[in-house]
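Questions regarding the structure given below will be posed in turn.
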Amino acid sequence: MPSARPDVASKSNRLVAFGFDVVMVGMTYWFLAYAADRLGASLDESLTFAAVFFGYQLFFLRWNDGASFGKSLRGICVISASGTRLSSNQAVIRALVLTFPFALLVAQDILAALLYSLPDARYLATLPSILWWLVELYFVESDHMGRSLTDRISNSLVVNIPPPQPHRAPAVPMYSATDREFGPRPKVPSSNENIDA
């Protein structure tokens with residue numbers, strides 16, 4: 001379903017931007033895991049990834065006008081549904097909701113323990129996270145404004161960043177004491193001089 005407003009970001013731009021963001025978080029996670037390995041420390045993989053993802057989202061939502069690395073590459077950003085910048089609360093809520101599926105993966109061991117009697121309990125424990133993303137996609141696809149579940153919970157909207165406006169020259173020449181581009185400065189007749197009609 002096409003969007004009712006031309007300023008609303010397309011679904012494909014949102015999906016590609018999210019992919020770029022996950023790659024950036026993955027690279028950051030890989031660097032942290034490598035550093036921890038070199039120092040002889042161990043990291044909880046899912047928890048570390050979720051924490052890095054939350055911090056990444058919160059930083060860009062709050063301090064970069066809602067344009068993460070992926071979103072800025074696609075020319076989109078997140079704003080409040082009212083058309084203003086995201087408030088601090090909206091940024092935190094949106095970052096938490098975006099991190100929720102990764103947090104479900106953190107709880108995968110607990111879910112697997114609860115489902116131990118079922119075959120393939122470890123794989124079944126990933127279903128809540130997958131279902132969450134499917135619900136997100138359903139809302140984006142079915143809503144006329146392209147608002148996902150995350151957008152609805154945080155009261156936000158993903159829009160296209162307007163292109164920069166070209167510089168507009170003044171309508172009349174502007175003269176200054178050092179400006180010789182237009183020739184001699186025009187004389188302004190004084191009130192005592194007669195103006196020939």
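Assign unit charges at the C-beta atoms only (+1 for Lys and Arg, -1 for Asp and Glu), then state the dipole size of segment 11-160 relative to its Cα centre in Debye, rounded to the nearest 20. Let's see the in-between values first.
Working: 11 positive and 11 negative charges, 100 e Å.
Result for segment 11-160 is approximately 480 debye, rounded to the nearest 20.
Give the long-range amide H neighbours of V8: residues separated by 5 or more places, or on another chain, with amide H under 5 Å away, using H modelled in the peptide plane at 1.01 Å from N.
Those qualifying (amide H under 5 Å, at least 5 residues apart or on another chain) are N160.
Now for a different question. Send over the semi-axes of segment 11-54's equivalent ellipsoid, whole angstrom and largest first, taken as the square roots of 5 times the C-alpha gyration tensor eigenvalues.
26, 10, 5
Just need log10 I(q)/I(0) for segment 11-160 at q = 0.16 Å⁻¹, Debye formula, equal scatterers on the alpha-carbon atoms, no solvent, rounded to two decimals.
Log-scaled intensity ratios, in q order: -0.92.
Right, something else. Out of residues 5 or more away from A81 or on other chains, whose amide H comes under 5 Å of its own, with H placed 1.01 Å from N in the peptide plane?
The answer is S156, L157.
What nm value, rounded to one decimal, do you get for the distance between D65 and A36 when each label is placed 7 Å out toward the C-beta?
3.5
Determine how many Å³ per residue the convex hull of the Cα atoms of segment 48-87 encloses.
Looking at segment 48-87, the number lands at 68 Å³ per residue.
Every number here is computed from the coordinates shown, using simple stated rules; none is lab data. Predicted model only: the values in this text are computed from it and were never measured. All Cβ positions, even for glycine, are placed from backbone atoms using ideal geometry, and neighbour counts span all protein chains on display.
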